[in-house]
Amino acid sequence: MKNLITITDLSVEELEDLIHTAIDIIQNPDKYAESCKRKKLATLFFEPSTRTRLSFEAAMYELGGSVLGFSEAASSSTAKGESVADTARTVGCYADIIAMRHPKEGAPYVAARTAGVPVINAGDGGHNHPTQTLADILTIYREKKRLSNMTIGVCGDLKFGRTVHSLIAAMSRYNGIHFVMISPEELRTPRYVISDILDKTNTRYEETTSLEDAMPKLDILYMTRVQRERFFNEADYLRLKDTYILTPDKLKHAKETLSILHPLPRVNEIAVAVDDDPRACYFKQVLNGKFMRMALILKLLEVKVW
Ligand code: CP
């Protein structure tokens, strides 16, 4: 039985298979409409979510399956003190597959040990968010027609932004990737991401505080929100939250072929005026997330569609 706890649980070949399945789903949705009939997905969300939870639910419904679950810890027996391991073991009696979001790093890994059914990490604390990376990668692939040889700027809260950690882990496996990591000093990429991923894969990277300086060389600009919920101190959040605000003016120095991504939700870091720029891809990313989650559910449930 396979789980998805970190993006590197999927090999490059498996990731490419998921992309091909997602593209086939986009082109032939009817073929998949009953592929998960009588299968149940449980969404266990101990933290708020709009896109991840609802796209998992939409994905399962579009595959002909059903969904159960909860969207906050307070409405589950966690509020009475039940452990993640016991919750997962219980839900594994009712559902065929589980998607779990939790504020504690490693909680989906703990759940996977007792659930008895595949567990998908739908975001664990400031650690990883592998299914967001699936959305990101399908978006990059559909925009660029390749996953290699590009300069990717990641901008904002690189310390707590779990989507960035997963994206770096996934993309550093491809040739010719150069990361430009743009953040305030206090929100730099964790050193373990640099030593365990970028250094080990010999991926080129640079760190800067200047979005303006980085802009002209970027093929992808991946903006992120400053993660208020992970700060220990409100004053620090307020000081850092508007460090980077992408505006049409700043994009004057960007390539015509730039693709702008953001995992969303956005707070203030991309001006609404940028939404009309043809380079803005963040709402395409939302939709791509649903198709990749459909492909992932099929893979983990070992459902073959011909
Ligand atoms: N990108 C993302 O994880 O969004 P939600 O928090 O709305 O699920």
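Peptides 245-251, 200-206 ranked from most to least packed give 245-251, 200-206, packing being the mean of other C-beta atoms within 10 angstrom over each peptide's residues. Residue ranges 90-99, 112-121 sort as 112-121, 90-99 when ordered by packing (mean number of other C-beta atoms within 10 Å per residue, highest first).
When both bridge partners sit in the chain, DSSP labels roughly 5% of those beta bridges antiparallel.
When you work out D = kT/(6 pi eta Rh) for the chain at 4 °C and 1.567 mPa s, using the Kirkwood radius from C-alpha pairs as Rh and the Stokes-Einstein form, the result is 66 µm²/s. If you take the Cα centroid of region 60-79 and the Cα centroid of region 246-306, the two points sit 25 Å apart.
Computed from backbone phi, the HN-Hα couplings of region 51-66 come to 5, 5, 5, 5, 6, 5, 5, 4, 4, 5, 4, 6, 8, x, x, 10 Hz, rounded to whole numbers (Karplus: 6.51 cos²θ - 1.76 cosθ + 1.60, θ = phi - 60°; Gly and Pro given as x).
Available extension along the chain between ALA58 and LYS145 is 28.7 nm, counting 0.36 nm per residue and deducting the alpha carbon span.
Most tightly packed first, judged by the mean number of other beta-carbon atoms within 10 Å of their residues, the peptides 51-62, 276-287 read 51-62, 276-287. Residues in region 13-25 carry Karplus couplings, in order, of 5, 5, 5, 5, 4, 5, 4, 5, 5, 4, 5, 5, 4 Hz; the curve used is 6.51 cos²θ - 1.76 cosθ + 1.60 with θ = phi - 60°, and Gly or Pro positions show x. Straight-line cross-link partners of LYS39 among the lysines, defined as a Cα under 25 Å from its Cα and at least 8 positions apart when in the same chain: LYS2, LYS31, LYS290, LYS299, LYS304. Here the Karplus curve 6.51 cos²θ - 1.76 cosθ + 1.60, taken at θ = phi - 60°, turns the phi angles of region 269-283 into couplings of 7, 10, 4, 4, 4, 6, 4, 7, 6, x, 7, 6, 10, 5, 7 Hz, with x standing for Gly and Pro.
None of the figures in this text is laboratory data; all of them are computed from the coordinates on show. Fair warning: this is a prediction, and the values are worked out from it, not measured in the lab. No Cβ is skipped: glycine too gets one built from the backbone with ideal geometry, and neighbour counts run over all protein chains shown.
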